[in-house]
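Asker: Quick one: this structure, given as structure tokens, is what I'll be asking you about.
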Number of protein chains: 2
Amino acid sequence: MRIKMAKGIADVAKVFQALSDETRLLILEQLKDGEQCVCDLTDVFKTGQSRLSFHLRVLKDAGLILARPEGRWMYYSLNLDGVEELQDVVTSLKAASSRAAKRGCCP
Amino acid sequence: MRIKMAKGIADVAKVFQALSDETRLLILEQLKDGEQCVCDLTDVFKTGQSRLSFHLRVLKDAGLILARPEGRWMYYSLNLDGVEELQDVVTSLKAASSRAAKRGCCP
DNA sequence: ATAATTCATCAACGTTTCTTGATGTAATAG
DNA sequence: CTATTACATCAAGAAACGTTGATGAATTAT
């Protein structure tokens, strides 16, 4: 069992911030198919390289993707750890929502 | 079984945007205890009323909370539907991450 | 009726984020 | 070696966001 470091609220906000952009959501969607290099993504999105580089950095800094250099290419992939931490936050919110709904529903 | 309208990517981005601010995350945290009026929240956060009103609107527009007027008070609470849709998005991302990790792990 | 309370909205301002094009760096190719 | 490729980073401007204080609408109290 891996040790899981609890994130502060600032980190959580940062993760959601990274997810708050359509381009970045599309990048994640694209990475669902597996590891890709920036060149693949520029092909797919038909956009400037520096723009993609910017968004990849945001996702990486948020811990949502991993970067693996190989030769002159940089391969990006989904970061399971980061996504699991995200899921924990959402699950806890869902649990509270369910409790509140249950409380409110039966007068 | 409730009918679940699929959200476009813009809507998903909007939900994450709503979650990308520390104050709004604290508001949600506070609402985990159940429905609260704006006055309760201004007490808790010791901040200006218009500031809270702004953040509550963002959360409401994103579908994460519900507003219930009663007399001169407005009660806010977590919106289970919105949170569940959020969870669906994250779960799907997690599933893809797991698949990718499994693929990558065993050379 | 007037006054007070609760909250939403607006305008103005500063801050952050996103995009674009240019420059820099490291690895490979010729 | 020089040239090229793949990518990161920087600087400048545009757009979106968050804060503040003022105003407005609806409700309740006196």
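Asker: With a 1.4 Å probe and every protein chain kept in, tell me what percent of the accessible surface of chain B is carbon plus sulfur.
Answerer: Using a 1.4 Å probe with all protein chains present, chain B comes out at 54 percent carbon and sulfur.
Asker: At 1.4 Å probe radius, can you tell me the per residue accessible area of chain A in Å²?
Answerer: With all protein chains present, chain A gives 57 Å² per residue.
Asker: Shifting gears a bit: Is it possible to state the helix-based mean residue ellipticity at 222 nm for chain A, with each DSSP H run of 4+ residues giving -39500 (n - 2.57), the sum divided by total residues, to the nearest 500 deg cm²/dmol? What is it?
Answerer: For chain A, the value works out to -20000 deg cm²/dmol.
Asker: Between segment A:45-102 and segment A:1-34, what's the alpha-carbon centroid distance in Å?
Answerer: That distance is 3 Å.
Asker: Which residue, B:GLY34, A:ALA10, B:TRP73, has the largest displacement toward the positive end of the dipole of the protein assembly as shown when charges sit on each Cβ (Lys, Arg +1; Asp, Glu -1)?
Answerer: Value computed over the given set: B:GLY34.
Asker: For A:ALA95, place a label point 7 Å from Cα along the Cα-to-Cβ direction in every copy; what are the distances to the other copies, in nm, shortest first?
Answerer: 2.3
Asker: Using the basic label-point model (7 angstrom from Cα toward the beta carbon), what is the A:ALA6 to A:ARG57 distance in nanometres?
Answerer: Each label point lies 7 Å from its Cα, and together they span 3.3 nm.
Asker: If you don't mind, there's one more thing I want to ask. Take the cross-link list A:LYS14/B:LYS46; A:LYS14/B:LYS14; A:LYS94/B:LYS7 and give me the ones stretching past 22 Å between alpha-carbons.
Answerer: The answer is A:LYS14/B:LYS46.
Asker: Could you compute the FRET efficiency for B:SER98 and A:LYS46, with r as their C-beta to C-beta distance and R0 at 22 Å, rounded to 0.05?
Answerer: My answer for the efficiency is 0.15.
The values are calculated or read from the model by the stated rules, or taken from the named source; none is laboratory data. Being a predicted model, the structure only gives us computed values, none of them experimental. Glycine also receives a Cβ, built like all others from the backbone with ideal geometry; neighbour counts cover every protein chain displayed. Ligands, DNA and RNA are stripped out before the accessible areas are found, and what is left, the full protein with its side chains, is counted by its heavy atoms. Shrake-Rupley method; radii C 1.70, N 1.55, O 1.52, S 1.80 Å.
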